[in-house]
Amino acid sequence: MAAEAVEAVFREERGLLLASLVRRFGDLDLAEEVTSEAIEAALRHWPAEGVPARPGAWLLTTARRRAVDRLRRDRAYAARLAVLSADAERAEPAPAADVSGGGELPDERLQLFFTCTHPALAAEDRTALTLRCLAGLTTPEVARAFLVPTATMAQRIVRAKKKIREARIPFRVPGPDELPERLPGVLQVVYSVFTEGYAASSGPCLQRPVLAEEAIRLARILRRLLPAERECAGLLALLLLVHARRDARTGPEGEPVLLEDQDRGRWDRPMIEEGRALVVQALTGGPAGPYGVQAAIAALHDEAADVAATDWPQIVALYDVLRTLTPSPVVEVNRAVAVAMRDGPGAGLALLDALAGEPRLRAYPPYVVARADLLSRLGRDGEAAAAYREALELAGTEPERAALRRKLGE
């Protein structure tokens, strides 16, 4: 029972605990170490003494005591942290905190979000650090999520922490003048985590549900911490509306099932309803953002009884809005597929062929697969087979390769 309680606290409150400790001591390594020690102490004491009424506050008090003890023993380390703390105080004075253990943990995760996703860090390091610190995954779990050796992932995380320390990246929420510039980077990291969970880039499985669910949990935290930011609502809506189809996206052998062939009765209706309500919030009160628009597209798919009943003209119109907000070849590919559903495969293929010179699409499997499918629908079997062979070389997961081999066989 105690072990289960500790695990629940670790998953739900680890980010809270870590953020509070980083705010107090100004060092991510120290915060992680004493957090782990507090968890170990709980595993020793709670079975005999019982789980405290406020387990998070108990862990926070224990971790703070361990940190103070360590700094007393290492004066040079304490001096370095004092400099960091002074920098942080100048940037943004720390609020008073309850250190008695009687109150709830202060929710300072928003500062940790912006620290882990600071633009001074490399993109891959931002994602790794966010999963490690805010999602609560261990370094081996983060490594498995991205199919790299644990040592490689550990190096990334160490590199990111070193950059934060040496560059004196402040642990704070950007001011109102900075937030519009910084928030998209935070949202992009969470979206990247979800994308890898929704459609794995490589490996034996098409989906990694645990990773997608961690991204949704992070998006929920951001939504709670920044309720006035409509793009936070848009991102959470998008993730929910897409993840609602997870059970229908693969067949009995793990093979991919196209949207038009999915059993919509297996879609998660409560998740869809939650997502639809968030879409309204994301699109109300000002100009739409890119996540809100993508969520609206996902909602139209989820609301339709089948592919034929889908409002393809409205989806194309939304892609027209999206291409003005965030122009990219990927948006153009998705729009071309929607045009094909509205106007026929020839119209969609013409748009895809117009993108043939885009270098970023040469190694993008969905582009090649979309061309192959439209060529097949037009009866141009030889060209379709060549496109499927090209897609087969680019496919990252075994289920995708198996599906493409079946297409070639047909």
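I need the Debye-formula profile for region 239-314: one equal scatterer per C-alpha, no solvent, reported as log10 I(q)/I(0) at q = 0.14, 0.19, 0.22, 0.25 1/Å, two decimals.
-0.47, -0.80, -1.00, -1.18
So what J values fall out for region 60-74 if you push phi through Karplus, 6.51 cos²θ - 1.76 cosθ + 1.60 with θ = phi - 60°, rounded to Hz, Gly and Pro as x?
Calculated HN-Hα couplings, in order: 5, 4, 4, 5, 4, 4, 5, 5, 4, 4, 5, 5, 5, 6, 10 Hz.
For Tyr388, tell me the accessible area in Å² from a 1.4 Å probe, rounded to the nearest 10.
Answer for Tyr388: close to 10 Å² accessible.
Using r as the Cβ-Cβ distance of Glu383 and Asp29, and R0 as 60 Å, what FRET efficiency do you calculate, to the nearest 0.05?
Calculated transfer efficiency: 0.60.
Let me spell out the model: positive unit charges on the Cβ of Lys and Arg, negative unit charges on the Cβ of Asp and Glu, origin at the Cα centre of the chain. What dipole size does that give, in debye rounded to 20?
On the way: 54 positive and 58 negative charges, 260 e Å.
Charge dipole of the chain: 1240 debye, to the nearest 20.
Suppose every Lys and Arg Cβ carries +1 and every Asp and Glu Cβ carries -1, with no other charges. What dipole size does region 207-249 come out with about its Cα centre, to the nearest 20 debye? Let's see the in-between values first.
Details: 9 positive and 5 negative charges, 18 e Å.
Using only the charged Cβ atoms, the result is roughly 80 debye.
I need the GluC sites (Glu not before Pro) found in region 248-331, filtered to DSSP loop residues with at most 13 other beta carbons within 10 Å of theirs. Please list the in-between numbers first.
On the way: sites: Glu253, Glu260, Glu273, Glu274, Glu303; in loops: Glu253.
When the GluC sites (Glu not before Pro) of region 248-331 are filtered for loop state and at most 13 Cβ neighbours within 10 Å, Glu253 remain.
Among His243, His45, what's the order by accessible area (1.4 angstrom probe), most exposed first?
On the way: His243 10, His45 75 Å².
If we order His243, His45 from most to least accessible, we get His45, His243.
How much space per residue, in cubic angstrom, does the convex hull of the C-alpha atoms of region 370-410 take up? The partial results should precede the final answer.
On the way: hull volume 2.3 nm³, N = 41.
Dividing the Cα hull volume of region 370-410 by its residues yields 55 Å³.
Provide the net charge surrounding Ala282, with neighbours chosen by a C-beta distance below 11 Å and charges set as Lys +1, Arg +1, Asp -1, Glu -1. Can you show the working numbers first?
On the way: positive: Arg223, Arg230, Arg276; negative: Glu229, Glu231.
Net charge in that neighbourhood comes out at +1.
Classify region 207-353 as rounded, prolate or oblate, taking a ≥ b ≥ c as the square roots of the eigenvalues of its Cα gyration tensor: rounded when a/c is under 1.5, otherwise prolate if a/b is larger than b/c and oblate if not.
Values: a/c = 1.80, a/b = 1.15, b/c = 1.56.
Here region 207-353 falls in the oblate category.
Under 5 Å between amide hydrogens, which residues at least 5 positions from Val51 or on another chain qualify, with H placed 1.01 Å from N in the peptide plane?
none
If you take every residue apart from Gln262 with its C-beta less than 15 Å away from the C-beta of Gln262, what net charge results, scoring Lys and Arg +1 and Asp and Glu -1? The partial results should precede the final answer.
Details: positive: Arg245, Arg246, Arg249, Arg264, Arg266, Arg269; negative: Asp247, Glu255, Glu260, Asp261, Asp263, Asp268, Asp302, Glu303, Asp306.
Here the charged neighbours net out to -3.
What's the local net charge at Ala317, with K and R +1, D and E -1, over the other residues with C-beta under 12 Å away?
Working: positive: Arg323, Arg335, Arg342; negative: Asp311, Asp320.
Residues near Ala317 contribute +1 overall.
Given a 1.4 Å probe and heavy atoms of the protein chains only, how would you sort Glu231, Glu400, largest accessible area at the top?
Details: Glu231 35, Glu400 55 Å².
So, going from the largest accessible area down, we get Glu400, Glu231.
Considering all alpha-carbon pairs of region 273-348, what whole percent are spaced by more than 15 angstrom? Numbers along the way, then the final one.
Working: 1576 of 2850 pairs.
Summing the P(r) tail past 15 Å for region 273-348 gives 55 percent.
By how many nm would the segment from Arg362 to Asp74 lengthen if fully extended, with 0.36 nm per residue of separation less the alpha-carbon distance?
Working: separation 288, 0.36 × 288 = 103.68 nm, distance 5.40 nm.
Between Arg362 and Asp74, full extension yields 98.3 nm more.
Per DSSP H run of n ≥ 4, the term is -39500 (n - 2.57); total these for the chain, divide by its residue number, and report the mean residue ellipticity at 222 nm rounded to 500 deg cm²/dmol.
My calculation for the chain gives -22500 deg cm²/dmol from helical runs alone.
Under 8 Å for C-alpha pairs, at least 6 residues apart: give me the relative contact order for region 202-345, rounded to a whole percent.
Numbers: 166 pairs, mean separation 31.0, N = 144.
For region 202-345, the relative contact order is 22 percent.
On C-alpha positions alone, give me the angle between the axis of helix 2-25 and the longest principal axis of the chain, in degrees, nearest 10.
Orientation of helix 2-25: about 70 degrees from the principal axis.
The values are calculated or read from the model by the stated rules, or taken from the named source; none is laboratory data. Since we're looking at a predicted model, the values are computed, not measured. For neighbour counting, all protein chains shown are included, and Cβ atoms are generated from backbone atoms with ideal geometry for every residue, glycine included. Note: areas computed on protein heavy atoms with side chains; ligands, DNA, RNA excluded. Shrake-Rupley method; radii C 1.70, N 1.55, O 1.52, S 1.80 Å.
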